[in-house]
Amino acid sequence: MPTATATVTHTAALARLGYALSDATRAGVLLALREAPAHPSDLADALGVSRQVMSNQLACLRGCGLVEAVPDGRRTWYRLADPHLAPALDELLQVVLFVEPDCCAGEQCTCA
């Protein structure tokens, strides 16, 4: 009989990551932030959502422990909360390309 190798804490953390990735806007935010920190208004514009929607999604991602807010004068920018997240997201993109190879094709594909 197999034994569990993950604790309840590991399982809960993985579930939070899954929840974060279950929404296209939140997934888009995480993928954008793996490139560089960004202000919420820039993320909203890049992902084609309202600033209120972006605010709600960033609050969710903060609650999941995946992003952190960094005050910058009168503005705030966001970055991934842990440097391990960017390469993990890169690896997940490779899994997506394996599962759905037609999702991104040609030289214009920037996922791989």
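Since every read-out is calculated from the coordinates, none of them should be taken as a lab result. Since this is a predicted model, take the numbers as computed values, not measurements.
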Quiz item: Considering the alpha-carbon set of the stretch 4-87 alone, what are its Rg and its Dmax in angstrom?
Solution: 13.2, 47
Quiz item: If you stretched the chain out fully between residue 70 and residue 14, how much longer would it get, using 0.36 nm times the residue separation minus the C-alpha to C-alpha distance?
Solution: 17.7 nm
Exercise. Once you have the Cα-Cα distance between residue 34 and residue 94, take 0.36 nm times their residue separation minus that, and quote the gain in nm to one decimal.
Key: 20.1 nm
Quiz item: For residue 6 and residue 46 in one chain, what is 0.36 nm times their gap in residues minus the Cα-Cα distance, to one decimal in nm?
Solution: 10.7 nm
